[in-house]
Ligand code: GLY
C-alpha cells in the first residue's frame, strides 16, 4: 500500500508535466485567434480549433488564404503521438499542359499564371477542413465553422494592412466584378473601418457544414465555380472538382543539436531545405562564432539548400524527389566541405539551376490545446488576393497557385523562383511550395511555428529554429531581424536594420553582395510549451496585425 502511495506521489507531477497548463492560439488576425479560442472553450480540441481558425482566416484575411486556396496542416495528436501532414495543396486542372502559360514562340506570357481564372489551380482547403474535422476533431463541422460563418455574414473592418494588400492587387480585383463588389468600394481601395461582408461565402461555409466535401466540390458551389471559371477563360472541369483529394503525408523529421524537428514534406520544399540547412550548420561551434561568421555560414547554407530546391523538388506523386539523400547528414557534410568560412561562394560556381523570394501573401497559425495536441498550419492563395478572380455568385476568391509551377525551366515566377523539370506543369499535379509548418521538440519543451513570405518562408523558419536553439523565447523568434539568400539572384537580402554597419562591411569583404530590403518581411506565429517551466507562451510577429493568446 505504501509503495502504491509512493508511486502515485511520484507519478502525479509527471502526469501534470505531460499536459500543458494552458492552451494557445497564435494567428495572423485577432478575429481568427478569437475563433480558435471560442472553439477550444466549447470543448473542441486543437484540430477543431484549426478548422475554425483556417475558416476565419479565409474570411478576414482574404488576401492571404481562403476556400479558393490550399495549404499544409501539420498535426500532432497527443493521445498516441500520431503526426501527419494534411496536404490540402491545390492541384493543376486536368486540362493543364506544361506550356499553358507560353505563347506561340514559347515565351512566358506575363500575368497569365497570376491574374484571372486561368491562374487558378483546384482548391484544396475545403477538403482539408472537412478531412481534419472528420478524422481528428471532436465537434461537429457546423460548430467549428460557426465563427467563420458569423464573420462572413456580419463582416470585419478594413485595416491598414488590408488597404496595403488591396492597393497592391487593385487592378486584378477591378478586373473581376464579383471580387470588386466585395473587396473594393466603388472600384477603389475601401477606407479604414469599412466593413467587408461576404454573404455568398457564408452560404458556402454553411453548405460545407451540412454536406461536407459536396458542399464545395458539388452542387450549387461547384456549379457557380465552373460556370464562372469557364466564362472567364479558365479550364476547370466537373471532374477536377469531383476528384480533388487531400493526401495524408508522413512529415519530414530531422534533428539539430539534440532537438527533434518535424516539418513539411514535399510537395513543400520547406522541410527538405530546412533540414538541409540545419544539417550543414550543425557542423559548426555556433555559440562560439561572431555574428558575421554566423551570418556568412547561414547564408552559404541557404545558398546550397535553395540550389538543390530548384533542381530536385516537385510533387512527389509525379516526380522522384530524392528526399532521403537530400536530408542525409552525409549530403550536408559534402556541402559543408565546399564552403569557405572566409569567402562567399558565387552561386554561379555551384552547378547551375535557378531559384528565389517572397511577399506578404500566405498565412500561418499555431495551436496547442490543453491535452497537448498541436497544429502548425501554413495556408495560401499565393499572391495577395490570389488571382483576384471570383466566379460570379460563388463568394470564393480563387488562388493563383499555378504560378508556383515553373512555367518554363529557368524563367522566374512572381517571386523570382526558377525551377527545373521536377516542377513543370502537369495535369493533376501539385505546384511546389515553400510553406514550412514546423514543430521543434527540445529538451525543455515544444515549439510550434511557421510564417508566410514566399520563398523566404524557409529561411525565416531556419532563423526561428536557431533562436529556439539559443534558448530564446517566442517573442524573440518572431521579432528577430531577418536575412535571406536563395541561390539566385546571388544577393544577401536583409531587413532594414537587420545587420549592423560593421557586419555589413565584414560580409562585403567576404564577397557577399548585400541588398537592404525596402520593408521587413514575414508574419511568424509561434507557440511554446515550456514543459520544464510548466508554462505556455505564444507570440505573433510584430510586423503583422495578428494576435497570440494563451488561455
Ligand atoms: N504560394 C506560396 C507557397 O506555397 O510557397
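Only the coordinates and a few stated rules stand behind these numbers; no lab work does. Just so it is clear, the model here is predicted, and its values are computed rather than measured. As a convention, Cβ positions derive from the backbone with ideal geometry for all residues, glycine included, and neighbour counts pool all protein chains shown.
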- Note on the structure: Computed from every Cα-Cα pair in the chain, P(r) in 20 Å bins starting at 0 and rounded to whole percents is 24, 57, 18, 1, 0
- Message: So if I take the centroid of the Cα atoms in region 435-458 and the same for region 387-405, what is the distance between those two points in Å?
- Response: 27 Å
- Task: May I ask for the distance between the Cα centers of region 485-551 and region 244-260, given as a whole number of Å?
- Result: 23 Å
- Which whole-number percent is the relative contact order of region 196-340 (Cα, under 8 Å, 6+ apart)? 17 percent
- Message: Could you tell me the relative contact order of the chain? Use alpha-carbon pairs under 8 Å, at least six residues apart, and round to a whole percent.
- Response: 23 percent
- Message: With just the Cα atoms defining each centre, how far is region 138-188 from region 27-72? Give it in Å.
- Response: 14 Å
- Query: Computed over the Cα atoms, what is the radius of gyration of region 103-244 divided by 2.2 N^0.38 Å, N being its residue count?
  - Reply: 1.18
- Query: Roughly what percent of Cα-Cα pairs across region 496-551 reach past 16 Å?
  - Reply: 62 percent
- Longest to shortest principal axis, alpha-carbon extents of region 430-539, angstrom: 45, 41, 22
- Query: So if R0 is 51 Å, what FRET efficiency would residue 105 and residue 248 give, r being the distance between their Cβ atoms, rounded to the nearest 0.05?
  - Reply: 0.75
- On full extension of the chain, what length is gained from residue 227 through residue 502, given 0.36 nm per residue of separation minus the C-alpha to C-alpha distance? 93.1 nm
- May I ask you to derive the FRET efficiency for residue 192 and residue 138 from their Cβ-Cβ distance with R0 = 51 Å, giving the value to the nearest 0.05? 0.85
- Quick one: what Rg and Dmax do you get for region 368-497 from the alpha carbons, in Å? 17.5, 53
- Task: For region 221-297, just the Cα set please: Rg and Dmax, both in angstrom.
- Result: 21.9, 62
- Query: How big is region 116-194 by Rg and Dmax over its Cα atoms, in Å?
  - Reply: 16.1, 43
- Expected unfolding gain across residue 160-residue 83 under the 0.36 nm per residue rule, minus the alpha-carbon gap, is 24.0 nm
- Query: For residue 42 and residue 22, what does the FRET efficiency come to when R0 = 22 Å and r is the distance between their Cβ atoms, rounded to the nearest 0.05?
  - Reply: 0.85
- Item | Kirkwood hydrodynamic radius (C-alpha pairs) into Stokes-Einstein, region 74-157, 37 °C and 0.692 mPa s, D in µm²/s | 199 µm²/s
- Query: Fewest to most neighbouring Cβ within 10 Å: what's the order for 299, 396?
  - Reply: 299, 396
- Treat region 160-272 as a sphere of radius equal to its Kirkwood radius over Cα pairs and apply Stokes-Einstein at 10 °C in a medium of 1.306 mPa s; give the translational diffusion coefficient in µm²/s, rounded to a whole number. 89 µm²/s
- Item | Segment residue 214-residue 285, extension gain: residue separation times 0.36 nm, minus the distance between their alpha carbons | 20.1 nm
- Across every pair of different alpha-carbon atoms, what Kirkwood hydrodynamic radius in Å does region 14-138 reach? 16.8 Å
- Item | Rg(Cα) / (2.2 N^0.38 Å) computed for region 435-480, rounded to two decimals | 1.06
- Message: What distance in nm lies between label points placed 7 Å from Cα along the C-beta direction at residue 334 and residue 260?
- Response: 2.9 nm
